[in-house]
Each structure stands twice: as structure tokens, then as C-alpha cells.
1. Leaving ligands, DNA and RNA out of it, rank E75, E89 by accessible area with a 1.4 Å probe, largest first.
2. Solvent-accessible area per residue for the chain at a 1.4 Å probe radius, Å²?
3. Amide H of D125 versus every other amide H placed in the peptide plane: which residues, excluding those fewer than 5 positions away on the same chain, fall under 5 Å?
4. Let me have the relative contact order for region 74-199, percent, based on Cα pairs under 8 Å that are six or more residues apart.
5. Lysine pairs, Cα distance under 19 Å, 8 or more residues apart or cross-chain: how many in the chain?
6. Which one of P178, H66, V119 is farthest out on the positive end of the charge dipole of the chain, using unit charges on Cβ (Lys, Arg +1; Asp, Glu -1) and the Cα centre as origin?
7. If you roll a 1.4 Å probe over region 53-197 with all protein chains in place, what percent of the accessible area is carbon or sulfur?
8. Could you give me the ³J(HN,Hα) list for region 161-173, computed from phi with Karplus coefficients 6.51, -1.76, 1.60 and θ = phi - 60°, whole Hz, x at Gly and Pro?
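The values are calculated or read from the model by the stated rules, or taken from the named source; none is laboratory data. Computed from a prediction, not measured in an experiment: that's the story for all the values here. So basically every Cβ, Gly included, is an ideal-geometry build from the backbone, and we count neighbours across all protein chains shown. For accessibility, only protein heavy atoms count, side chains too; no ligands or nucleic acids. Shrake-Rupley method; radii C 1.70, N 1.55, O 1.52, S 1.80 Å.
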Amino acid sequence: MRLRSRRIGALIGFVALAGVSGPALAGWKLIPAGKPLAVDAVTITPKSDWNRASARPGKRAVALTHDGFDLDRLEIFSGIGSGEPLYRERSRRRNPMPKFRSGMLPTDLADLFERSFRVANNLTDFTVESVTPADFGGHRGIALRYSFSLPEDRLVRQGVARLVIVRGKLYAANFHAPRLHYFPSRLAEVQATLDGARF
């Protein structure tokens, strides 16, 4: 009877874990409002409380969320070297990540981000809405505004990314959220946080 109870308990625990997404199992750390967060060479200071996932989207990156990854996501990439990908490889053989090159032009950076984001999220529905000059960390680069939908999900999400090359390395930030409510409600805060980034 005791053995059967243990098996039932183990089964219930397994089912509970199976219903939780990967990032939720990864672990979280609270980043309080006003406390500087260093991501390698990049330092940002969030204007409100955010949560940092222990799982990284890339080798030189962190991911944060305010309300949960389904509702908003902010990624910071720091010091990507020539020949390195922005995001972590998903399938190097079937769909390899594009690699950054230090001599890339602004148009090349926009293309690099689009292709990288598509591969990282297995996307077919992705639209670049605008590419404009923008500063990140006090350096001139580009801002790319875009929209997309995840596979088998009609919810339209909107995003904005900033990319800049400094001393031959790529620095970037990417924020996205559902277009309805969450993107517009968090955008001003995220933009102010990125405006204050230093590296």
C-alpha cells in the first residue's frame, strides 16, 4: 500500500511538472526597480520590478519578464563576437543560426535580427514594420520595429529591437509582447530603460 501511494505521488508530481513550461522550471531572480543589472558589459536599470530567468536565450544574453514570458519579454545581448550567433542554436544541422560579422552594415543587422529571431522562435509569420537610426548604450545603431505570430497562435505580437556594433562586437536589446494592451503598456518603460543603458 505504501509503495502504491509513493507511485501515485510520483505520478502526480510528474504530471504537475509536465504542465509547466521550460522557462518556468528554469528558475527566477527578482530584479528590483532602480537596481542596476549587469549583463556582461551592458548595464541597465529597470524602472519597475522585473524577473530574470536563469535560462539564457543566448551564450551572451539574459531574458527578463514583468508579467510572464507569454505576456512580455525583454532580452539583452552583450558583446557578440564575429562568427557568433545572437541566439542559442536550436538545430545546427537542419536550421543553423545566422552568424554576426563585425563588418556588417545597418541593413545587414536588420536582416541578421530577423533571420535569427525567426529561427529561434520557429516563425513563418514575421513582418518588419520599420528600421530607423537609434542609440543604444550611447552608441548609434538601429531600431527595428516588427510584428509576428507564433506557430498555431493567432495572437499578434509586436516588438522593437535595438542593435549596435561597438569595437567590432554586437550589442542588442529586444522587447516583445502581445499587441493588445501589453506591448503599448510596457513600451515607454522599456524604451526609457534602454535609453539609460551603458557599456
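1. Greatest to least solvent exposure: E89, E75.
2. Heavy-atom accessible area per residue stands at 54 Å².
3. HN-HN under 5 Å from D125: S149.
4. 24
5. 6
6. Most positive-ward Cα: V119.
7. With neighbouring chains kept in place, the figure for region 53-197 is 48 percent.
8. Using θ = phi - 60°, the values come out as 10, 10, 9, 8, 9, 10, 6, x, 10, 9, 10, 8, 9 Hz.
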